Amino acid sequence: MDLDDQLRRYFGTDDFATIAPAALEAGIERMRVDFGMQKDPARRFALWSLLYMFGASPDLDVAFDNEDDRNAARDFMDMMAKAQESD
């Protein structure tokens, strides 16, 4: 999944700065619906990651049945925290 493609799909633009608050809320809701319906583990993880970046991801125990997936999500969360520290 390409980030720009996902931004266009859910928010109608690949320029995050131009997303209106109402469009942001609606796009996040669409992502949550797609996440709940998604069966492919890789796509599901990608959607969860995008939701996480928007502060809207479900808890790990709700999002992932598999412990390996939960650990990968924890690794992603740690990576994002380290990236924010370096800014």
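Please treat every number below as a calculation from the coordinates, not as lab data. As the structure is a prediction and not an experimental result, all values here were calculated from the model. Backbone-built Cβ (ideal geometry, glycine too); neighbour counts: all protein chains shown.
If you stretched the chain out fully between A23 and A81, how much longer would it get, using 0.36 nm times the residue separation minus the C-alpha to C-alpha distance?
18.3 nm
Any chance you could list the semi-axes, whole Å, largest first, of the equivalent ellipsoid that the Cα gyration tensor gives for the chain, using √(5λ)?
In descending order the semi-axes read 22, 17, 11 Å.
Mean residue ellipticity at 222 nm from the helices of the chain, using -39,500 (n - 2.57) per DSSP H segment of n ≥ 4 over the full residue count, to the nearest 500 deg cm²/dmol?
Helices in the chain give a 222 nm mean residue ellipticity of -22500 deg cm²/dmol.
Which of the three applies to region 1-50, rounded, prolate or oblate, going by the alpha-carbon gyration tensor with a ≥ b ≥ c and a/c under 1.5 meaning rounded?
Oblate, since a/c reaches 1.5 and b/c is not below a/b.
Helix 67-85 versus the longest principal axis of the chain: what is the Cα-based angle in degrees, 0 to 90, to the nearest 10?
Its long axis makes an angle of about 50 degrees.
Could you tell me the calculated FRET efficiency between D4 and R32, based on Cβ-Cβ distance and R0 = 22 angstrom, to the nearest 0.05?
After rounding to 0.05, the efficiency reads 0.60.
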